[in-house]
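S.K.: First the structure, then my questions, so here it is.
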Amino acid sequence: MNEIQPYTSKNMSFKRFRPLRKDAQTRDLLVEVQLSPEDFILPYFVVEGKGIRNEIGSLKDVYHLSVDSILKEIEEPIKLGINKFLLFGVVEDFRKDETGSFSTSPENPVNKAIQEIKKVYPAITIITDVCLCAYTSHGHCGVLVGEQVENDKTLPILAEMALSNAKAGANIIAPSAMMDGQVWAIRQLLDKNGFTGVKILSYSAKYSSGLYGPFRGAANSKPAFGDRKTYQMDYRVASQAIEEMEADLDEGADYLMVKPAHTYLDIISKAHTKYPEVTLAAYHVSGEYMMLKSAALAGIVEEKHAVLEVFTAIRRAGANWIISYYAPFVAKLLKS
Ligand code: PBG
Ligand code: ZN
């Protein structure tokens, strides 16, 4: 008789994991999260003028680019497989006023850049950051009454800005002012003008962060007084991130965002668990970028290794898209 032995799951007193890690081939078989260039969105800072490509003092390896320079600059990332770009306008002080009116002009650098990029690369996804802080004389993200940012007075201007971007050819509008109802205001005006196919990527959970400093240098968008705590989220609160997302989806947002990213993996994870079917973006912000960059330059971390690890963690937490100044660096690494 062939007697069947009672099944015992383990012959040893402990489980052996190290065989799973014994060589590169074995480790590769277990990979669950793999970065790809299409996960990334590359931000560009667009300025007026011609032939401008100036490194930004506060953001190492990132440039102020005039429209003609963007057309040259964008070639390499596209070759590397990056297919989504986020445009920020940077304008001189004489363009700024109390209501940020230049933000809605077809003549502003972002709207010009969209048109030129689309002529050459019609299949590339262009996303615009819709906020007033780079266009207002006071540097706040909305219209002021006294020293207060007035939510409902800001909404029509944000919507007009979004419409001007859509007219120029933008594919996705990314409102970042953190005004209540901004997604709804934008969706309404876009639809009314026939831009039903233009999508909205909402900066839903955008925290009032100490990590935006290098960006504000780059965008010349530092508030002249006070801070952004009356509109951006308080980082001592997590649950409200989901409430903000719920409201944005209800107002018509197509995609959601958490910002910052590296320091907000818990929020990314919560958002992904709550809305697994919604495309989620995470913004690896300027301060997070410069922390890594400076550590790498100081020889504290090995840049390639650390960068891949950080972005894998952001994807692993649940982000589908990562907005990052490191996008070309990562795409190059993935190619080699
Ligand atoms: C505009 C905006 C900011 C960032 C993206 N959109 C700055 C801010 O809120 O002050 C920050 C991006 C970064 O730090 O890389 N509101
Ligand atoms: Zn702003």
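Every number here is computed from the coordinates shown, using simple stated rules; none is lab data. This is a predicted model, so every value here is computed, not measured. Here the Cβ positions follow ideal geometry from the backbone for every residue, glycine too, while neighbour counts run over all protein chains shown.
S.K.: With N denoting the number of residues in the range 35-335, provide Rg(C-alpha) divided by 2.2 N^0.38 Å, to two decimal places.
M.R.: Working: Rg = 17.8 Å, N = 301, 2.2 N^0.38 = 19.2 Å.
Normalised Cα radius of gyration, the range 35-335: 0.92.
S.K.: Run the numbers for Thr312 and Ser36: contour at 0.36 nm per residue of separation, minus the present Cα-Cα distance, in nm.
M.R.: Working: separation 276, 0.36 × 276 = 99.36 nm, distance 1.00 nm.
Result: 98.4 nm gained on full extension.
S.K.: Of the GluC sites (Glu not before Pro) in the range 83-154, which ones lie in a loop per DSSP and count no more than 14 other C-beta atoms within 10 Å? Write out the running numbers ahead of the final one.
M.R.: On the way: sites: Glu92, Glu98, Glu107, Glu116, Glu147, Glu150; in loops: Glu92, Glu98, Glu107, Glu147, Glu150.
Here the sparse-neighbourhood loop sites are Glu92, Glu98, Glu107, Glu147, Glu150.
S.K.: Sticking with this structure for a sec: Along the charge dipole of the range 35-335, which of Ile172, Leu35, Ser209 sits closest to the positive end, that is, farthest toward it, with unit charges on the beta carbon of Lys, Arg, Asp and Glu (+1, +1, -1, -1)?
M.R.: So the residue we want is Leu35.
S.K.: Then there's this: Between Val301 and residues 5 or more places away or on another chain, which pairs have amide H atoms under 5 Å apart, with H built 1.01 Å from N, and which residues are they?
M.R.: Under 5 Å from the amide H of Val301 lie the amide H atoms of Ala296, each far enough along the sequence or on another chain.
S.K.: To continue, here is another question. Compute the longest continuous run of the chain that contains no exposed trypsin sites (Lys or Arg not before Pro); treat a site as exposed when its DSSP state is not H, G, I, E or B and it has at most 11 other Cβ atoms within 10 Å.
M.R.: Numbers: sites that count: Lys10, Lys15, Arg16, Lys22, Lys50, Lys229, Arg236.
Here the longest run is 51-228.
S.K.: Quote the charge dipole size of the chain about the Cα centre in Debye, to the nearest 20; the model charges only the Cβ of Lys and Arg (+1) and of Asp and Glu (-1).
M.R.: Values: 38 positive and 41 negative charges, 246 e Å.
With Lys and Arg at +1 and Asp and Glu at -1, about 1180 debye.
S.K.: Straight-line reach from Lys119: which aspartates and glutamates fall under 20 Å, measuring Cα to Cα and dropping same-chain residues less than 8 apart?
M.R.: Glu48, Asp68, Glu73, Glu75, Glu76, Glu107
S.K.: Just the Cα atoms of the range 201-313: what Rg and Dmax do they give in Å?
M.R.: Rg, Dmax (Cα atoms, Å): 15.2, 47.
S.K.: Give the long-range amide H neighbours of Met257: residues separated by 5 or more places, or on another chain, with amide H under 5 Å away, using H modelled in the peptide plane at 1.01 Å from N.
M.R.: Amide H to amide H, under 5 Å and 5 or more residues apart or across chains, Met257 pairs with Ser202, Ser204, Ala205, Ala281.
S.K.: Does the range 63-103 come out rounded, prolate or oblate by the C-alpha gyration tensor, with a ≥ b ≥ c the root eigenvalues, rounded set by a/c under 1.5 and, if not, prolate when a/b is larger than b/c and oblate if not?
M.R.: Values: a/c = 4.62, a/b = 2.48, b/c = 1.86.
Taking the square roots of the gyration eigenvalues as a ≥ b ≥ c, the range 63-103 is prolate.
S.K.: Oh, and also: Quick check on the exposure proxy: order Asp39, Asp180 from fewest to most C-beta atoms within 10 angstrom.
M.R.: Working: Asp39 23, Asp180 15.
Fewest-to-most Cβ neighbours within 10 Å comes out as Asp180, Asp39.
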